[in-house]
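One structure below.
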Amino acid sequence: MKTIIEFKAVDILQKTNIIFQNLNFKISSGEFIYIIGKTGSGKSSLLKSLYAELPIKKGSISVLDYDVEKLNDDNISNLRRKLGIVFQDFQLLTDRNLYDNLNFILKATGWKDKDKIDGRIKEVLDNVHLENCEEKMLYELSGGEQQRATIARALLNHPEIILADEPTGNLDPEKSEKIIALLKEINDKGTTIIVATHDYSIIKKFPSHTFVCENRSLVETSSENI
Amino acid sequence: MSFKNKIKSSSMSIVISMSLVLFVLGILGFLLLNANRLSNHVKQNIGFSVMIKEGVKEVDIMQLQKLIDSKPYSLETNWITKEDAATDLQEELGEDFIVFLGYNPLLESIDIKLKATYANPDSLLLLQKKLSKNDLIHEVFYQKDLVEKISENVRKMSVFLLSFCILLFIISFTLINNTIRLSVYSKRFLIRTMKLVGATNKFIKGPFLSDSIYNGIYSSLVAICMLLAVFQLLQNDMPDFLNIQDLKSMGIIFASIFVAGILFTWLSTFFALRKYLRIKESEIYL
């Protein structure tokens, strides 16, 4: 399978703290990866470095053939359009309904045709089983529904990779399982998924390649060892 | 509420604040222009007298007057004959000094009013020296102390007004800048979300910048209407104080307000956006 993410001798810093040192790491197309570790171990920083939100100190990162550390503003936008990002804090716009949240993203990423926009919104809401929630304001959605809304948003631009930062962080076990099942379903269709989480129960339930953030490095482990 | 509507909802406060600031700037501009006219008026009343030698023929005096009239410094000349000078002096003294003396000792003279740019002590001294060399002229006379005092006061007033103007200009720009920065600041999460999902800087800036131009236009128009109303009121109450018939000056002020309104809002929005487009996650909550 084709390598779509590659870290070569990367140092990642948060302000002056070294989070990762000399990180070497590859992810192939279609994989489902868990990144685990204690709070503050660098899971989110690792994901942020993938979408050029956190600049790296040393080394190089390649994502979908983009050299992340060399990107200018326009190319960062292009890269992010190819990634679906599920943010830890959702980053949904609370002043509008679900349809407008998704419509806004499509317009911001260059979609113009109203029919195509409507069609795509309907499609992604079907995918995440929120088909009847288009008109609902965000405060009318439950935590699980909001999380699925962020996944719907991540799916809008047919991403090749989905980066999910603690997608089950605010959910009860039942809803968490549903979210991971949904991500697995998306993965089965060919999208590469990277999930940063500290919810080990979901890994046991849905085992897959797992990497642990420890000692400023990323170590592969098996689901049974968790 | 759409992205554009969200921006527009905060526009009203910007338009109100900007209109008031531009209104104050307009008043100041009008004061400056009027102050300049007042200063010119005072300066153009500064003059000097050229005393003609005894026995110079009228035709020579007329030629000298014409010569002075043709000079760039001359605004207006007035030939005072011996008889006119005697009449004036008699009125001032209240008695007929010619009967007492038995003759008219006064000389013919030409009173010269200067253009404002020449009405300063240096130019007057230079002119005095130059004219004194003329064979027909007995003496060039002007009130040196008065001229120096007027010149000094006009200079002080100009410096004060200019400093006040610059200060107010800085305050105005700061106020406008802060109002707009606050407006952009309130949308920093929206900007960040757009950046994170892959919106280009151009797409993000577009609605903000086009809205800033409209805000500038609306604010300028409101400020111009307010100025017109105030000028009309002042004109009714103090017709001598203001000259609102001076269409050129009014045009300059209104055009300046219009351009400044648009330019200020656009620049402030541009720089505020630049900041929030580059802001790091750790700084966004500060």
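Subtract the Cα-Cα distance of A:Asn24 and A:Glu185 from 0.36 nm times their separation in residues, and report this length gain in nm to one decimal.
Fully extending the segment from A:Asn24 to A:Glu185 adds 55.1 nm.
Taking 1 over the mean of 1/r across every pair of different Cα atoms in segment B:47-142, what Kirkwood radius in Å do you get?
It works out to 14.2 Å.
If R₀ is 30 angstrom, what is the calculated FRET efficiency for the pair B:Ile217 and B:Asn40, using the beta carbon separation as r and rounding to 0.05?
After rounding to 0.05, the efficiency reads 0.30.
Straight-line reach only, C-alpha to C-alpha below 19 angstrom: list the lysines that B:Lys149 could link to, leaving out same-chain residues fewer than 8 apart.
Within the straight-line cut-off, B:Lys149 pairs with B:Lys43, B:Lys113, B:Lys115.
Filter B:Lys202/B:Lys275; B:Lys57/B:Lys144; A:Lys38/B:Lys280 down to the pairs with a C-alpha to C-alpha distance above 18 Å, please.
B:Lys57/B:Lys144; A:Lys38/B:Lys280
Report the Stokes-Einstein translational diffusion coefficient (µm² s⁻¹, integer) for chain B, Rh taken as the Kirkwood radius over Cα pairs, at 25 °C with viscosity 0.890 mPa s.
The estimated diffusion coefficient comes to 101 µm²/s.
Could you compute how much accessible area chains A and B hide from each other, both sides summed, with a 1.4 Å probe? Nearest 100 Å² is fine.
Counting both chains, the buried surface is close to 1800 Å².
Determine the equivalent ellipsoid of chain A by diagonalising the alpha-carbon gyration tensor, then write out the semi-axes as square roots of 5 times the eigenvalues, largest first, rounded to whole Å.
Values for chain A, descending: 28, 21, 15 Å.
Which distance in nm do the two modelled labels at A:Ala9 and B:Leu168 give, with both placed 7 Å along the Cα-to-Cβ direction?
6.4
Just the C-alpha atoms of the protein assembly as shown: what Rg/Rh do they give, with Rh taken as the Kirkwood radius?
A ratio of 1.34.
Tell me the volume per residue, in Å³, of the convex hull enclosing the alpha carbons of segment A:86-143.
So the per-residue hull volume is 91 Å³.
Positive end of the dipole of segment B:5-119, charges at C-beta (+1 Lys, Arg; -1 Asp, Glu), about the Cα centre: which of B:Phe23, B:Thr117, B:Leu106 has its Cα farthest in that direction?
B:Phe23
In whole percent, what relative contact order does chain A give with Cα contacts below 8 Å and a gap of six or more residues?
It rounds to 28 percent for chain A.
At a 1.4 Å probe, what is the % contribution of carbon and sulfur to the accessible area of the protein assembly as shown?
Looking at the protein assembly as shown in its full context, I get 56 percent from C and S.
Using a cut-off of 16 Å between alpha-carbon atoms, which lysines can reach A:Lys178, once sequence neighbours fewer than 8 places away in the same chain are excluded?
Qualifying lysines at Cα under 16 Å: A:Lys204, A:Lys205.
With contacts defined as alpha carbon pairs under 8 Å and 6 or more residues apart, what's the relative contact order of segment B:171-286 in percent?
Rounded, it is 50 percent for segment B:171-286.
What value, in deg cm²/dmol to 500, does the helix sum -39500 (n - 2.57) over DSSP H runs of n ≥ 4 give at 222 nm once divided by the residues of chain B?
So the helix-based figure for chain B works out to -24500 deg cm²/dmol.
Label points 7 Å out from Cα along the Cβ direction at A:Lys70 and A:Asn132: separation in nm?
Between A:Lys70 and A:Asn132, the simple spin-label model gives 5.3 nm.
The values are calculated or read from the model by the stated rules, or taken from the named source; none is laboratory data. Being a predicted model, the structure only gives us computed values, none of them experimental. Note that we place each Cβ from the backbone using ideal geometry, even for glycine, and neighbour counts take in every protein chain shown. Side chains included, ligands, DNA and RNA excluded: accessible areas come from the protein's heavy atoms. Shrake-Rupley method; radii C 1.70, N 1.55, O 1.52, S 1.80 Å.
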